[in-house]
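A.B. asks: Have a look at this one.
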Amino acid sequence: MDNVEIANIFNKIADLLEIKDENPFRIRSYRNAADVIENLTLTLSSIVERDDATLEEIPGIGKAIHAKIVELIRTGNLLFFDELLAELSPGLLQMLELTGLGTKKVRLLYNSQGIDSIEKLEANLASGKVQELPGMGEKSAAKITKSIENYRILKKTSDRFGVAKARKIALEAQKYLLTSALLDKVQIVGSLRRWQETIGNIDIIATTKKSTEPLKVINFFHDYQSIKKILTSSETKTTVLLTSEIKVTLRILAKDSFGSALLYYTGSKGHNLWLSRRAKQGGLRLEKSGLFDGKTNERINANTEEEIFTTLGLEFTPPELRQVSPESGEALYSREIKKGIKPLRLIETSDILGDLHMHSTYSDGSARIIEMAEAARLRGYSYVAITDHSRAVGIAHGLSEKRLLIQIQEIDELNKRYKEEGIDFRILKGTEVDILASGALDFPPSVLENLDCVIGAVHSGLDMPIEVMTNRVVSAIETGLINILAHPTGRIINRRLPYAIDIGAVMSAAKKHRVALELNSYPDRLDLKDTFCRQAKEAGVLVAVSTDSHSVLGLGNMAYGIGTARRGGLGKEDIINTLTLEKLLGFLNRD
């Protein structure tokens, strides 16, 4: 059982305990453990195999969690989780996937009317029983009905895995393969290499050190402990189903075809077809086994992706941009090599100088401000912004004006200490202030004007008509009080559709008032999505790639935001947190 599966089980346990109205500290321990496990670089199974006692050295893993991890890894099941599901119902977890239904409402529905599935919920909505409950009514019933409709729409694509989950699983499989002395190169390809936001299956290609070893590698891979079932197998290719229910295909290639195969199996299929047509126009033939002369069939000396692009007269196209127009089939971003034209350079993780959206223990984060700041410093950042929730987000312990002032004092003291110690690092004072239904902000100007970085966010009323939602967000931008618009469309991948909003109108207002749009790197959001990133670039609107971290380990999610930014064609110049502190403060102050 891999880390992702274990974290998922702990999150479900926390959900069920909340429905039971159990001790909040116990619930939080499971949430924190899930967060820690999801972001671990080592697999829990390898730790348990080596010495399970070291689990308790991992922050967030206590004795009770330790025992459950060992049970999951050694048996593949967890008795405590099974007992919770038997006591309650798996259908309650499905109900939590409905927008607007949190644990409190699910608890009310379950305790008062025995509703423990979406089907029962629909029946009681139709009969009018739900509307009779305290805090419910026709308006709430209509919202829940709409949520059920959206849930069914999302379920049509829910067989695809989020990029973060798929990537972690793929990296673990790659790591296992690299323990074999038989292999020379091992590369993850397909949609994962292109950083698509959802993944259907995992593709891996590899080369062996000797031409006689492919079958040995296939047999070695079949011993991987996360394999649930071998689906197909030959001397050079196998497809397996992992315990996480994702398929992995491993192909063993000849060394001299690795470059062309890397290009081919990375895709996209449309881009491969476009490249093949391009090669044919030049009298060449491009195949997954290599690049050949179209007449003589002789292999062209182009053994890497870069060499193939150059031979075809093209700039190297990064994997994230290997896309074609659905209408014409023409490549959207591949360009011919021309003198005097600067080659395309996409944003790199190393370009990021700071993270402008994160939470601390002041609201719903699990780490103190100093812990978040020190973790950011270890990543080489020059600054961070602490942006805890405002008071409207009560479920996240949003800050009152009084508590925000206390936080400001703490940040001032920490910055003073950094300066006295000669440390070139700055904590920016910020907030994630709610944009209320009227378009007003949850803190008055007198408070917001004392902050370095103000992020505006919509967290409620997500079912507004498009005109109303657009006016709401544009009104907030026009106050001149926010610097960044957080997760601008409100989507949660595979769980919640974006709210209705005219993103073009939002971008126009953002450009006029010098507001950046956030690319939220939390893997379930990735909001702005790639096509909106490109639209922002074309509109001249800057982007902030931020993690929305609620823990130290969450800072690592920056990679997913960078992957999406690259798919959107963004470069260093398009992103505000590539700026030096001095230039960033100039942008935030609208100088």
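Quick note: the coordinates plus some simple rules give every number you see, no bench work behind them. Source: prediction; values computed, not measured. Cβ sites come from the backbone with ideal geometry, for glycine too, and all protein chains shown count toward neighbours.
A.B. asks: What residues of region 166-198 lie in the reach of a label at LYS255, counting those whose backbone N is under 14 Å from a point 7 Å from the Cα along Cα→Cβ?
C.D. replies: Residues 182-186 fall inside that zone.
A.B. asks: With just the Cα atoms defining each centre, how far is region 253-268 from region 513-552? Give it in Å.
C.D. replies: Cα centroid of region 253-268 versus Cα centroid of region 513-552: 32 Å apart.
A.B. asks: Using the charge dipole of region 339-394 (Lys, Arg: +1 at Cβ; Asp, Glu: -1 at Cβ; taken about the Cα centre), state which of VAL384, LEU353, GLY340 has its Cα farthest towards the positive end.
C.D. replies: GLY340
A.B. asks: Quick query: amide H of ILE386 versus all other amide H atoms, modeled in the peptide plane; which residues come in under 5 Å with a sequence gap of 5 or more or a different chain?
C.D. replies: Result for ILE386 returns LEU428, GLY430.
A.B. asks: Where in region 237-298 are there trypsin sites (Lys or Arg not before Pro) that are in a DSSP coil and have at most 12 other Cβ atoms within 10 angstrom of their Cβ? Working shown, then result.
C.D. replies: On the way: sites: LYS237, LYS247, ARG251, LYS255, LYS269, ARG277, ARG278, LYS280, ARG285, LYS288, LYS295; in loops: LYS288, LYS295.
Hits after loop and neighbour filter: LYS295.
A.B. asks: For the charge dipole of the chain, defined by +1 on Lys and Arg C-beta atoms and -1 on Asp and Glu C-beta atoms about the Cα centroid, which residue among ILE308, GLN407, ALA367 has the Cα displaced farthest towards the positive pole?
C.D. replies: The Cα lying farthest towards the positive end belongs to ILE308.
A.B. asks: Separate question: Taking Cα extents along the principal axes in Å straight from the coordinates, which label in (1) 69, 53, 46; (2) 86, 68, 56; (3) 77, 60, 58 is the correct one?
C.D. replies: Identified label for the calculated read-out: (3).
A.B. asks: Averaging sequence separations of C-alpha pairs under 8 Å and six or more residues apart, then dividing by the length of region 1-94, give the relative contact order as a whole percent. Spell out each step's value before the answer.
C.D. replies: On the way: 76 pairs, mean separation 31.6, N = 94.
About 34 percent, as a whole number.
A.B. asks: Taking the Cα centre of the chain as origin, sum charge times position over the Cβ atoms of Lys and Arg (+1) and Asp and Glu (-1), and report the length of that vector in debye to the nearest 20. Don't jump to the answer; show the numbers that get you there.
C.D. replies: On the way: 78 positive and 78 negative charges, 348 e Å.
About 1680 debye.
A.B. asks: Still on this structure, please answer the following. Using the Cα centre as the reference, give the magnitude of the dipole from point charges on the C-beta atoms of region 35-155 (Lys, Arg: +1; Asp, Glu: -1; all else neutral), rounded to the nearest 20 debye. Walk me through the numbers before you get to the answer.
C.D. replies: Working: 14 positive and 18 negative charges, 138 e Å.
The calculated dipole for region 35-155 is roughly 660 debye.
A.B. asks: While we're on this one: So what's the back-of-envelope 222 nm ellipticity for the chain, counting only DSSP H runs of four-plus at -39500 (n - 2.57) apiece and dividing by all residues, rounded to 500? Please report the intermediate quantities before stating the final value.
C.D. replies: Numbers: 23 runs with 248 residues, N = 591.
Computed ellipticity for the chain at 222 nm equals -12500 deg cm²/dmol.
A.B. asks: Going toward the positive end of the dipole of the chain, with +1 on Lys and Arg Cβ and -1 on Asp and Glu Cβ, which of PHE220, ALA559, LEU109 do you reach last?
C.D. replies: PHE220
A.B. asks: On to the next question. DSSP loop GluC sites (Glu not before Pro) in region 371-430 with at most 14 other Cβ atoms within 10 Å of their Cβ, which ones?
C.D. replies: Working: sites: GLU371, GLU374, GLU401, GLU410, GLU413, GLU420, GLU421; in loops: GLU421.
Answer by residue number: GLU421.
A.B. asks: Please compute the contact order of the chain in relative form: average sequence separation of alpha-carbon pairs under 8 Å and at least six residues apart, divided by the residue count, as a percent.
C.D. replies: On the way: 1038 pairs, mean separation 59.0, N = 591.
Reported relative contact order: 10 percent.
A.B. asks: Using the Cα centre of region 287-355 as the reference point, and only Cβ charges (+1 on K/R, -1 on D/E), how large is the resulting charge dipole? Debye, rounded to the nearest 20. Don't skip to the end; give the middle numbers.
C.D. replies: Values: 9 positive and 14 negative charges, 62 e Å.
That gives region 287-355 a dipole magnitude of about 300 debye.
A.B. asks: Quick one: length gained pulling ARG368 to LEU585 fully straight, 0.36 nm per residue minus the C-alpha distance?
C.D. replies: On the way: separation 217, 0.36 × 217 = 78.12 nm, distance 2.39 nm.
This chain segment gains 75.7 nm when fully extended.
A.B. asks: List the pairs from LYS210/LYS338; LYS146/LYS529; LYS68/LYS216; LYS104/LYS146; LYS20/LYS165 whose alpha-carbon separation is above 30 Å, in the order I gave them.
C.D. replies: On the way: LYS210/LYS338 41 Å; LYS146/LYS529 24 Å; LYS68/LYS216 36 Å; LYS104/LYS146 19 Å; LYS20/LYS165 28 Å.
LYS210/LYS338; LYS68/LYS216, as the Cα separations exceed 30 Å there.
A.B. asks: Please compute the contact order of region 123-228 in relative form: average sequence separation of alpha-carbon pairs under 8 Å and at least six residues apart, divided by the residue count, as a percent.
C.D. replies: Numbers: 90 pairs, mean separation 23.3, N = 106.
Dividing the mean separation by the residue count of region 123-228 yields 22 percent.
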